[in-house]
Amino acid sequence: MIRDRHPSGAPWRNFYGRFKGKALRASQEILLDEDLEGLSPGPVDWDVNPDRAPLDLAARFGGRPVWLEIGFGGGEHLVHQAICNPDVAIIGCEPYLNGVAMMLAKLRKSGATNVAVHPGDVRDLFDVLPQASIARAFLLYPDPWPKKRHHRRRFVTHEHLMPLAQAMAPGAILRVATDIEDYVRQTLEEVPKAGFEWLAQRPADWRTPWQDWTRTRYEQKALREGRMPHYLTFRRG
């Protein structure tokens, strides 16, 4: 018999990224132990929310607009946006524990208090985000999965984009940044199918960073290696 669910009730979902890399430093372990639990957006995990009850974002964030960053890497952009937008609540989702630890160090240093963190698969978060609850979302330098046979693993596929679209409010903005030209192609093909409009009038619109942009470690690497960043802005219909 083929099982399609975990004993906790969670669906079996293939995950192709990394959850952990090299051993964490003692200071990073302390950050995870002391800070992470208090930053939860609510009951996301299946063992604490098996019925998949929607998160009460109004109670958690005091009615503030909620933004979402999908895969925040080392947290450079997430913490930057939190500092620049204190009246907004930002949920960061990142399954790579080493990246979570790096972000927590930046967050503690910043003093920002408007960040929540889901250290896991964003699909589990999509299960419990209320419909039309997200005012802005960021997908910045996602894993490019460059081999053609792996393109179905990219975030910009039906499996990810449809629940993201359901979670985003009408008129909400989705920003996508990538240095991979074929990822641009797939993004422009698939994101409009999920109910988004590409907000570009001329090439400068996708070659110029957003005014509130800060370079991430991934963008710095792309520039060092001679790849051109692309900045794509979409609006939820």
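For (1) open to solvent by 30 Å² or more (accessible area, probe 1.4 Å); (2) of a type in the set (D, E, K, R), each residue gets a yes or a no:
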| site | (1), (2) |
| --- | --- |
| Leu139 | no, no |
| Pro142 | no, no |
| Arg152 | yes, yes |
| Phe155 | no, no |
| Leu161 | no, no |
| Ala169 | no, no |
| Arg185 | yes, yes |
| Glu189 | yes, yes |
| Ala204 | yes, no |
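If you go through the range 206-232 one residue at a time, how many are surrounded by fewer than 17 Cβ atoms within 10 Å (Cβ to Cβ), touching a strand residue (DSSP E or B) at 6+ places or on another chain (Cβ under 9 Å) and not hydrophobic (A, V, I, L, M, F, W, C)?
3
In this structure, Glu69 does satisfy being open to solvent by less than 10 Å² (accessible area, probe 1.4 Å), touching a strand residue (DSSP E or B) at 6+ places or on another chain (Cβ under 9 Å) and not aliphatic (A, V, I, L, M). Might you check whether a residue that is modelled with pLDDT of 95 or more, open to solvent by 30 Å² or more (accessible area, probe 1.4 Å) and among the polar types (S, T, N, Q) occurs anywhere in the range 114-125? The answer is no; no qualifying residue exists. Of the residues examined, Leu139 is one that is closer than 29 Å to Arg227 by Cα and at pLDDT 90 or above.
So which of Gly237, Gly195 is of a type outside the set (Lys, Arg) and open to solvent by less than 40 Å² (accessible area, probe 1.4 Å)? Just one listed residue meets the conditions, Gly195. Among the helices (runs of 4 or more DSSP H) confined to the range 119-237, the ones with at least 1 residues that are more than 20 Å from Gly92 (Cβ to Cβ) and without any contact (Cβ under 8 Å) to a residue 40 or more places away in the chain are located at 158-167, 181-190, 204-207, 217-224. Could you list, in sequence order, all residues of the range 75-110 that are open to solvent by less than 50 Å² (accessible area, probe 1.4 Å), in a loop (DSSP other than H, G, I, E, B) and not aromatic (Phe, Trp, Tyr)? Gly75, Asn85, Val88, Glu94, Pro95, listed by residue number. What are the residues in the range 171-183 that are closer than 18 Å to Leu68 by Cα and either open to solvent by 50 Å² or more (accessible area, probe 1.4 Å) or under 18 Å from the mean Cα position of the chain (by Cα) (or both), if any? Those that are closer than 18 Å to Leu68 by Cα and either open to solvent by 50 Å² or more (accessible area, probe 1.4 Å) or under 18 Å from the mean Cα position of the chain (by Cα) (or both): Ala172, Ile173, Leu174, Arg175, Val176, Ala177, Thr178.
Sort through Asp143, Asp205 and tell me the only one that's acidic (Asp, Glu) and out of contact with any Gly (no Cβ under 8 Å at 6 or more places or on another chain).
Among Asp143, Asp205, only Asp205 is acidic (Asp, Glu) and out of contact with any Gly (no Cβ under 8 Å at 6 or more places or on another chain).
The values are calculated or read from the model by the stated rules, or taken from the named source; none is laboratory data. Just so we're clear, the structure is a prediction, and the values are computed from it rather than from any experiment. Note that each Cβ is placed from the backbone with ideal geometry, even for glycine, and that neighbours are counted across all protein chains shown. The protein model used for the area step is the full one, side chains on, heavy atoms only, and it has no ligands, DNA or RNA in it. Shrake-Rupley method; radii C 1.70, N 1.55, O 1.52, S 1.80 Å.
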